[in-house]
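Written below as structure tokens is the structure these notes are about.
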């Protein structure tokens with residue numbers, strides 16, 4: 001079913017919208033949630049929470065790209081769950097994807113203007129990447145794929161993927177600094 005029709009079902013408050021969303025984007029949502037949480041059970045709960053949150057947000061939202069909208073909701077829920085799960089028991093031996101970008105991003109942007117500047121700078125940065133680097137960056141930091149999964153998908157070595165990610169984080173930090181964002 002086309003995304004526009006699914007969104008229309010949400011606006012009509014037809015529960016078929018959830019079934020269609022699950023059918024079309026369930027695997028994607030599960031992949032994102034599992035990439036963050038590394039737990040099948042937690043990922044399944046996040047996916048179910050995604051459908052509830054999407055049901056409650058459409059309307060009033062009218063997403064142009066349902067796949068990106070559902071992915072973003074899933075990622076936010078999974079990150080919140082991750083933070084809740086690890087609040088008291090952070091492991092020093094595990095560097096989660098969420099923290100991997102911390103060297104490039106500021107600790108916390110308080111002002112709305114800083115958040116907008118960061119968002120716009122990151123968007124420009126991603127657009128400026130080569131197609132291969134854009135795929136690597138998005139798979140890692142948006143879809144939370146492991147380095148091994150990315151390397152396998154793109155027929156690269158894990159070392160090659162890690163080197164590219166490191167260079168991209170450095171360039172992102174430079175781009176943010178040149179935009180006036182203190183990192």
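The values are calculated or read from the model by the stated rules, or taken from the named source; none is laboratory data. Predicted model, so just to flag it, every value in this text is computed and none were measured. All Cβ positions, even for glycine, are placed from backbone atoms using ideal geometry, and neighbour counts span all protein chains on display.
At a glance:
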quantity: Options 140, 124: the member that is surrounded by fewer than 15 Cβ atoms within 10 Å (Cβ to Cβ), assigned to a helix (DSSP H, G or I), assigned by TED's automatic domain parsing to the domain that holds residue 104 and in contact with a helix residue (DSSP H, G or I) (Cβ under 9 Å, 6 or more places away or on another chain); calculated: 124
quantity: Residue 80 being without any contact (Cβ under 8 Å) to a residue 40 or more places away in the chain and either in contact with a helix residue (DSSP H, G or I) (Cβ under 7 Å, 6 or more places away or on another chain) or buried (at least 18 other Cβ atoms within 10 Å of the Cβ) (or both); calculated: no
quantity: Cβ-Cβ under 9 Å pairs, at least 6 apart or on other chains, the range 18-30 side closer than 10 Å to residue 74 by Cβ, far side not in a helix (DSSP H, G or I); calculated: 28/143
quantity: Residue match in the range 7-19 (condition: over 12 Å from the mean Cα position of the chain (by Cα) and closer than 30 Å to residue 150 by Cβ); calculated: no
quantity: Extreme residue, farthest from the chain's Cα centre (by Cα), among residues of the range 152-168 that are more than 17 Å from residue 129 (Cβ to Cβ) and not in a loop (DSSP other than H, G, I, E, B); calculated: 159
quantity: Residues that are outside any loop (DSSP other than H, G, I, E, B), surrounded by 15 or more Cβ atoms within 10 Å (Cβ to Cβ) and modelled with pLDDT under 65, drawn from the range 98-121; calculated: 98
quantity: Filtered residue count, the range 143-168, keeping only those that are over 19 Å from residue 28 (Cα atoms) and buried (at least 18 other Cβ atoms within 10 Å of the Cβ); calculated: 4
